[in-house]
Amino acid sequence: MPKLAAVTGWPLTYTRSPILHSYWCERYRIKGLYLRLPLAPENFERGVRALQALGFAGLNVTIPHKETAFALVDQRGLSAQRAGSVNTLIFEADGQIRGECTDGVGYVDSLREAGVELPRKTLVLGAGGASRAVCASLLDAGCSLTLANRTRTRADNLIAALGGGAVTDWQSWSERLGEFDLLVNTTSLGMAGQDGYDWVGSLTHADPELVVSDIVYMPLETPLLAAARAHGLIGVDGLGMLIHQARPGFKAWFGTYPDADPVLRARVVETLD
Ligand SMILES: NC(=O)c1ccc[n+]([C@@H]2O[C@H](COP(=O)([O-])OP(=O)(O)OC[C@H]3O[C@@H](n4cnc5c(N)ncnc54)[C@H](OP(=O)(O)O)[C@@H]3O)[C@@H](O)[C@H]2O)c1
């Protein structure tokens, strides 16, 4: 019987997780099966418990279930507590469900893979679910953190929940850009068809050493990254985070800590057009 794991979300149209886990099963010669199993919100808890009863090792959880999963689990790892959400469920042998959030560690690992040394003076744009995981990991890596979000109260609440960092105004973050050496976009601006923001103008005050990172990976070259390149700045795309966040789950379910190798990256890139 192969080891079983899956990704669930709703409607789960564009997940790349099966590509990652199937690649690693093949590469490490592991008898494993990783499925795509959409679950509507009203079926989420029943579905999770059914998969546990069927002998699955665990699940990846994506939009819109990450906060529901946080409430459902029996144990929350430190990463889940820091992120306030869960993207990885591990079905333990004693019947308990452990929840982790690997987005933050995946993000920091993607920076390291790109040769970006931490800590850095960081400005993060956006205060949604992904931002909290990214911010927590940046703080844990010793970075200073300043946050700007269109809806100011969300940024204030996030900084309060994290217990560190400061907030700056969304309208004027670009004027302060010279104070930072890492800019991270965690807003959904830049996703295909959702931009129109003046990124080129916003980077005018950038220090030449600024690293610009965008966690959006569809398109891979976002308008922000294109603007960074136009200013001669180093850009880091969001695909590394996507690949690295999957590694701890694979280890928990299939027993091997997998590499984020270039062949895998190329396979995912092929699917982004
Ligand atoms: N690379 C990866 O592995 C990875 C992992 C997770 C997420 N992501 C990407 O990260 C992005 C955010 O995901 P999420 O789950 O954090 O979403 P979310 O919780 O819905 O948060 C969206 C964020 O974007 C901001 N925003 C949306 N439209 C905006 C606009 N027109 N102008 C300014 N700000 C705007 C929101 O600001 P308000 O608070 O003002 O609404 C909020 O801060 C998505 O594109 C997702 O694909 C990538």
One residue from Gly238, Gly232 being within 8 Å of the ligand (Cβ to nearest atom), at pLDDT 95 or above and either surrounded by 21 or more Cβ atoms within 10 Å (Cβ to Cβ) or not polar (S, T, N, Q) (or both) = Gly238
inquiry  = Taking the criterion of being buried (at least 19 other Cβ atoms within 10 Å of the Cβ) and either charged (D, E, K, R) or more than 23 Å from Ser144 (Cα to Cα) (or both), would at least one residue in the range 166-180 satisfy it?
reply    = no
query = Filter the range 53-69 for residues that are over 18 Å from Gly32 (Cβ atoms) and open to solvent by 50 Å² or more (accessible area, probe 1.4 Å); which is nearest to the ligand (Cβ to nearest atom)?
reply = Ile63
note = All-but-one check, Val263 against (1) under 23 Å from Arg120 (Cβ atoms); (2) away from the ligand (no atom under 13 Å from the Cβ), failing number (1)
ask   = Looking at (1) among the small types (Gly, Ala, Ser); (2) modelled with pLDDT under 95; (3) more than 11 Å from the ligand (Cβ to nearest atom); (4) out of contact with any strand residue (DSSP E or B) (no Cβ under 8 Å at 6 or more places or on another chain), which is the one condition that is false for Gly196?
value = (3)
query = Can you name the condition, by its number, that Glu26 falls short on among (1) touching a residue at least 12 places away in the same chain (Cβ under 8 Å); (2) surrounded by fewer than 16 Cβ atoms within 10 Å (Cβ to Cβ); (3) over 19 Å from the mean Cα position of the chain (by Cα)?
reply = (1)
message = Of everything in the range 37-51, what is part of a helix (DSSP H, G or I), in contact (Cβ under 8 Å) with a residue 24 or more places away in the chain and aliphatic (A, V, I, L, M)? Give them in sequence order.
response = Val48, Leu51
request  = Inspect all residues belonging to the range 88-108 and state whether any of them is open to solvent by 20 Å² or more (accessible area, probe 1.4 Å), among the charged types (D, E, K, R) and in contact with a His (Cβ under 7 Å, 6 or more places away or on another chain).
outcome  = no
inquiry  = Out of the residues in the range 257-268 meeting the condition of being within 17 Å of the chain's Cα centre (by Cα) and open to solvent by less than 50 Å² (accessible area, probe 1.4 Å), tell me which one is farthest from Gly240 (Cα to Cα).
reply    = Val268
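The values are calculated or read from the model by the stated rules, or taken from the named source; none is laboratory data. These numbers come from a predicted model, not from an experiment. Glycine gets a Cβ as well: all are built from the backbone with ideal geometry, and neighbour counts include every protein chain shown. Heads up: the accessible areas ignore ligands, DNA and RNA and are worked out on the full protein's heavy atoms, side chains in. Shrake-Rupley method; radii C 1.70, N 1.55, O 1.52, S 1.80 Å.
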